[in-house]
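K.L.:
Quick one: the structure is below, questions incoming.
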Amino acid sequence: MKLRHLEAFLTVAQAGTISAAARLRNVSQPALSKTISELEALLGAQLFERTGRRAVLTPAGENFRAHARASLQSLEAGVRDLSGQAAGLVKVGVLPTVAGGFFPLVALAFSQARPDARIGIVTGPNRYLLDRLRGGKIDLMVGRMPQAADMPGLSFEYLYDEPILLVARAGHPALDLPVEEALLRYPLILPNPGAIIRQNVNQYLAAMGLSDVAPVFETVALPAALTLLERSEMLWFISRGVVERELARGSLAALDLRSEYMAGAVGLTRKFTFDENSPADLLARLLHRRAKEDVARR
């Protein structure tokens, strides 16, 4: 049995079809089917039921998946040890929606609970962090739920729902206007095309009949957008978590979008379960605890 057998098996189990798994692994469908057949022959058990295009795990497949996940997790831990990653270091990919307030507060609680361990924080675009997560370069990612096409091989754990806002500097004349008029009158900053929330924003603008509105800037980065907002009449579509402190301080204000679907799930994405009571397991539990506390306060 080889590593490629386990990786192929887990990808098919998550994707649900041989064709989708082949695309994710950048191999041909016949080659992946052959790899799965080799694994089943080695194990002497059928791992999938083929029903049409679907590949559904058999009871034996379900049982084997838990062992395959644990084996790869242990292997990646060994690779990290050999590469010099310090014991007790948890590497976390943090998206902008949680970087400003939610995650730092959890990180402080982690530091107090485990002074012998530490967190390495990596930031960047969603796709960049997903690639690092799949490659074992980070242990988990915290932020918006990835799109379904990016989820095979990963698991998402819901923490809370977060709205997308349209914000402006304090005292902006758009705050006294209907949102439709404000969108037509003032220049817009939109999330980058690769940002998860961009699709929500595009759908909202389309519903308003404003699909052809061109942004003057595209970003989800607070430092750049904040300066633009403070020194111009621009409006910015962004997740609440990115600008929560500015809203609380009164330097930014939100227009009323009157839309229930301008929201999305925030959570943690990971490739494997963590060893119980490990630093990574503690961080995951603290993330869930903080989310429950915040929801209760709201």
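The values are calculated or read from the model by the stated rules, or taken from the named source; none is laboratory data. Since the structure is predicted, the reported quantities are computational estimates derived from the model, not experimental observations. Don't worry about glycine lacking a Cβ; one is built from the backbone with ideal geometry, like all the others, and counts go over all protein chains shown. For the accessible areas, the whole protein counts, side chains as well, though only heavy atoms, and no ligand, DNA or RNA atoms are used. Shrake-Rupley method; radii C 1.70, N 1.55, O 1.52, S 1.80 Å.
K.L.:
Could you identify the single residue in P152, P193, P115, P146 that is assigned to a loop (DSSP other than H, G, I, E, B) and without any contact (Cβ under 8 Å) to a residue 24 or more places away in the chain?
P.N.:
Numbers: P152 fails: without any contact (Cβ under 8 Å) to a residue 24 or more places away in the chain; P193 fails: without any contact (Cβ under 8 Å) to a residue 24 or more places away in the chain; P146 fails: without any contact (Cβ under 8 Å) to a residue 24 or more places away in the chain.
Among P152, P193, P115, P146, only P115 is assigned to a loop (DSSP other than H, G, I, E, B) and without any contact (Cβ under 8 Å) to a residue 24 or more places away in the chain.
K.L.:
Just one of A60, A22 is closer than 20 Å to L72 by Cβ, over 26 Å from the mean Cα position of the chain (by Cα) and outside the structural domain of S155 (by the TED database); which is it?
P.N.:
Being closer than 20 Å to L72 by Cβ, over 26 Å from the mean Cα position of the chain (by Cα) and outside the structural domain of S155 (by the TED database) holds for just one of A60, A22, which is A60.
K.L.:
Restricting to region 176-207, give me the number of residues that are over 16 Å from the mean Cα position of the chain (by Cα) and open to solvent by less than 60 Å² (accessible area, probe 1.4 Å).
P.N.:
Within region 176-207, the subset over 16 Å from the mean Cα position of the chain (by Cα) is 176-190, 201-207.
Then keep just the ones that are open to solvent by less than 60 Å² (accessible area, probe 1.4 Å); that gives 177, 179, 182-183, 186-190, 201, 204-206.
Going through region 176-207 one residue at a time, the tally reaches 13.
K.L.:
Tell me yes or no: at least one residue of region 263-284 is closer than 30 Å to P173 by Cβ and in contact (Cβ under 8 Å) with a residue 12 or more places away in the chain. First the steps, then the outcome.
P.N.:
Here is the first cut: in region 263-284, the ones closer than 30 Å to P173 by Cβ are 263-264.
Next, only the ones that are in contact (Cβ under 8 Å) with a residue 12 or more places away in the chain stay: 263-264.
Yes, region 263-284 has at least one match.
K.L.:
Follow-up. Can you work out which of the residues in region 219-233 that are in contact (Cβ under 8 Å) with a residue 40 or more places away in the chain and open to solvent by 10 Å² or more (accessible area, probe 1.4 Å) is nearest to Q147 (Cα to Cα)?
P.N.:
The initial filter retains those residues of region 219-233 that are in contact (Cβ under 8 Å) with a residue 40 or more places away in the chain, namely 220-222, 229-230, 232-233.
Then keep just the ones that are open to solvent by 10 Å² or more (accessible area, probe 1.4 Å); that gives 220-222, 230, 232-233.
On the way: V220: 17, A221: 20, L222: 23, E230: 32, S232: 33, E233: 32 Å.
In this case the residue turns out to be V220.
K.L.:
Taking the options P146, P152, name whichever one is closer than 30 Å to T269 by Cα, out of contact with any strand residue (DSSP E or B) (no Cβ under 9 Å at 6 or more places or on another chain) and open to solvent by less than 60 Å² (accessible area, probe 1.4 Å). Even if it seems obvious, please write down each step before you answer.
P.N.:
Numbers: P146 fails: out of contact with any strand residue (DSSP E or B) (no Cβ under 9 Å at 6 or more places or on another chain).
Answer to the check: P152.
K.L.:
Could you give every pair whose Cβ atoms fall below 7 Å, whose first residue belongs to region 234-247 and is over 15 Å from V216 (Cα atoms), and whose second residue is of a type in the set (D, E) and surrounded by 21 or more Cβ atoms within 10 Å (Cβ to Cβ), counting only separations of at least 6 or pairs across chains?
P.N.:
S239/E162; R240/E162; G241/E162
K.L.:
Hey, can you tell me all the residues within region 20-37 that are assigned to a helix (DSSP H, G or I) and exposed (fewer than 14 other Cβ atoms within 10 Å of the Cβ)? Reasoning before the result, please.
P.N.:
To start, the set of residues in region 20-37 that are assigned to a helix (DSSP H, G or I) comprises 20-25, 29-37.
Listed by number, the residues that qualify are P30, A31, K34, S37.
K.L.:
Determine whether G241 is open to solvent by less than 50 Å² (accessible area, probe 1.4 Å) and part of a strand (DSSP E or B). Outline the logic, then answer.
P.N.:
Numbers: open to solvent by less than 50 Å² (accessible area, probe 1.4 Å): yes; part of a strand (DSSP E or B): no.
No, not satisfied.
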